[in-house]
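Notes follow the structure.
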Amino acid sequence: MKIVHFVEAFGGGVYTYVKDLCNFLVENDVTESLQVHLIYSPNREEFNKDLFIKEINPKIKLYEIDMIRNINISIDYKVLKQTRLILKKIQPDVIHLHSAKATVLGRISAYNIVQKNKIFYSPHGYSFVQQNISSPKKIIFKIIEKTMPLLVGGITVASGDTEYELSKKYGKAVLIRNGVDLELPNNLYKKPHNETLTIGTVGRLCPQKNPSFFNDLALNLPHYKFIWIGNGDLINEITAPNIEVTGWISSREELLKKINQLDIYTQVSLWEGLPISILEAMAIRKPLVVSNVIGNRDTVKNNFNGYTFNSITEAIESFKKLENLTLREEFSENSYLFCDADFNKSKNFLKLLDLYKS
């Protein structure tokens with residue numbers, strides 16, 4: 001079986017998911033009957049090619065294409081031609097497309113090469129849920145999501161429960177949740193012993209991740225320490241003196257060690273798919289306080305492993321509840337149990353492989 005993964009948004013959680021999935025497929029292929037191909041773009045700011053080459057299994061066949069996020073007819077047409085030539089050469093049995101740009105370019109490229117019921121699409125957060133785009137753009141994105149399956153086929157693989165409920169409105173859909181490996185977090189976990197309650201998040205400093213809200217939290221809670229693990233264009237929105245911005249951390253081990261130093265993990269995003277960063281925090285036993293948006297809310301059972309919030313007042317109240325060490329430790333263990341039950345990479349990737357073979 002020849003499986004092609006096609007991704008433009010090769011950074012952040014999408015990078016982790018696609019890289020882990022490709023590695024899983026070849027590393028768990030005891031019969032050596034799978035051939036995995038990855039077509040990707042290296043143009044995202046946080047993409048580190050040297051690290052990628054170290055992290056990706058050498059059995060995976062790589063194809064680098066110069067793609068960009070925004071619509072550009074000339075560049076996109078060139079990408080279509082290149083991708084179609086690659087697919088004609090491979091003759092894949094399955095193609096799995098990751099993110100909105102990939103679903104358009106990939107589906108058109110795969111036309112009459114891959115069977116319609118063997119085209120799979122993971123939105124990793126629908127474009128039309130973005131809060132920083134106009135209403136006309138949202139309508140256009142919804143039309144694209146609705147028409148592409150009708151024209152060229154495909155099945156949406158939703159990464160979380162709320163995304164699944166949404167995806168059923170736009171065509172055939174299945175729920176196979178995102179997942180993370182639990183072995184490394186287990187090996188690295190140590191209870192934090194911070195003199196000051198320490199709250200942190202992981203992500204790019206961009207509109208989606210809502211750094212101004214994070215900054216407001218820190219200003220309203222000056223007796224806490226806040227850590228933003230990452231970097232980005234909106235770094236100027238971080239002005240509170242009790243916030244540390246770490247910059248990009250390249251390896252998963254170092255990232256997990258940094259998350260492990262936190263007492264509470266927070267995600268204040270305006271929209272999401274199902275964030276790998278939250279799942280990593282759950283795997284390393286962190287209580288959660290997250291904005292009540294698609295994706296985030298799938299990771300929290302209120303009063304079990306954390307809280308969702310709809311306002312800064314609710315967020316502050318949640319942090320104050322978690323000043324209680326006993327409650328934090330209870331929620332920490334519950335986060336791990338929840339992650340193992342619903343977001344275990346090995347279990348969920350096997351479900352995806354069964355879907356490819358069905």
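Using a/c under 1.5 as the rounded threshold, could you call the range 245-358 rounded, prolate or oblate? The axes a ≥ b ≥ c are square roots of the C-alpha gyration tensor eigenvalues, and prolate needs a/b larger than b/c, oblate otherwise. Since a/c reaches 1.5 and a/b is larger than b/c, the shape of the range 245-358 is classed as prolate. Dividing the Cα radius of gyration of the range 1-101 by its Kirkwood radius returns 0.96 for Rg/Rh.
By the scheme Lys and Arg +1, Asp and Glu -1, what is the net charge of all other residues having a beta-carbon under 11 Å from that of Ile3?
On the way: positive: Lys2, Lys61, Lys118, Lys357; negative: Asp29, Asp93.
Net of charged neighbours comes to +2.
Of all the options Ser269, Ser159, Ser74, the one that moves most in a Gaussian network model of the chain with Cα springs shorter than 10 angstrom is Ser74.
Net charge dipole, the chain: roughly 1440 debye, given to the nearest 20, about the Cα centre with Cβ charges of +1 for Lys and Arg and -1 for Asp and Glu. Just to be sure I follow the rule: in the range 256-356, considering lysines 8 or more places apart or on different chains, how many pairs have Cα atoms under 16 Å apart? So the count of such lysine pairs works out to 6.
I'm spelling it out carefully: the read-out is Rg/Rh (Cα atoms, Kirkwood Rh), the candidates are (1) 0.99; (2) 1.17; (3) 0.97, and one was derived from this structure. Which label? Of the labelled values, this structure produces (3). Here the extension length gained between Thr326 and Ser135 equals 64.2 nm, from 0.36 nm per residue of separation less the Cα-Cα distance. A Gaussian network model of the chain, with springs between Cα atoms under 10 Å, assigns the largest mean-square fluctuation among Leu151, Leu217, Leu255 to Leu151. Shape class for the range 182-287, computed from the alpha carbon gyration tensor (a ≥ b ≥ c): oblate, with a/c not under 1.5 and a/b at or below b/c. Straightening the chain between Leu51 and Ile312 buys 90.2 nm, computed as 0.36 nm per residue apart minus the Cα-Cα spacing. Across the accessible surface of the range 232-324, with the other protein chains kept in place and a 1.4 Å probe, carbon and sulfur atoms take up 46 percent. Cross-link partners of Lys137 among lysines, defined as those whose alpha carbon lies under 17 angstrom from its own and excluding same-chain residues fewer than eight positions apart: Lys101, Lys146.
Considering only Leu270, Thr147, Thr103, the residue lying farthest towards the positive end of the dipole of the chain is Thr147, judged by Cα position with unit charges set on Cβ. Annotation for Ser33 and Asn292: the two label points, set 7 Å from Cα along the Cα-Cβ direction, are 4.8 nm apart. Computed about its Cα centre, the charge dipole of the range 136-185 is approximately 480 debye, with only Lys, Arg, Asp and Glu carrying charge at their Cβ.
What's the center-to-center distance, using Cα atoms, between the range 40-55 and the range 106-129 in Å? Centre-to-centre (Cα) distance: 23 Å.
Over the range 93-170, all Cα pairs binned in 5 Å intervals from 0 give whole-percent P(r) values of 3, 16, 28, 26, 17, 7, 2, 0, listed from short to long.
Probing with 1.4 Å while keeping every protein chain in the model, the per residue accessible area of the chain equals 44 Å². Distant-in-sequence amide contacts of His5, defined by a placed amide H-H separation under 5 Å and a gap of 5 or more residues or a different chain, comprise His37, Leu38, Ile39, His96.
What 222 nm value per residue comes from the helices of the chain, counting each DSSP H run with n ≥ 4 as -39,500 (n - 2.57) and dividing by all residues, nearest 500 deg cm²/dmol? Please report the intermediate quantities before stating the final value.
Values: 13 runs with 150 residues, N = 358.
The per-residue figure over the chain is -13000 deg cm²/dmol.
Note on the chain: GNM, Cα springs under 10 Å; of Pro275, Pro207, Pro123, the largest mean-square fluctuation is that of Pro207.
The values are calculated or read from the model by the stated rules, or taken from the named source; none is laboratory data. Values in this document were obtained by computation on a predicted structure and should not be read as measured data. As a convention, Cβ positions derive from the backbone with ideal geometry for all residues, glycine included, and neighbour counts pool all protein chains shown. The protein model used for the area step is the full one, side chains on, heavy atoms only, and it has no ligands, DNA or RNA in it. Shrake-Rupley method; radii C 1.70, N 1.55, O 1.52, S 1.80 Å.
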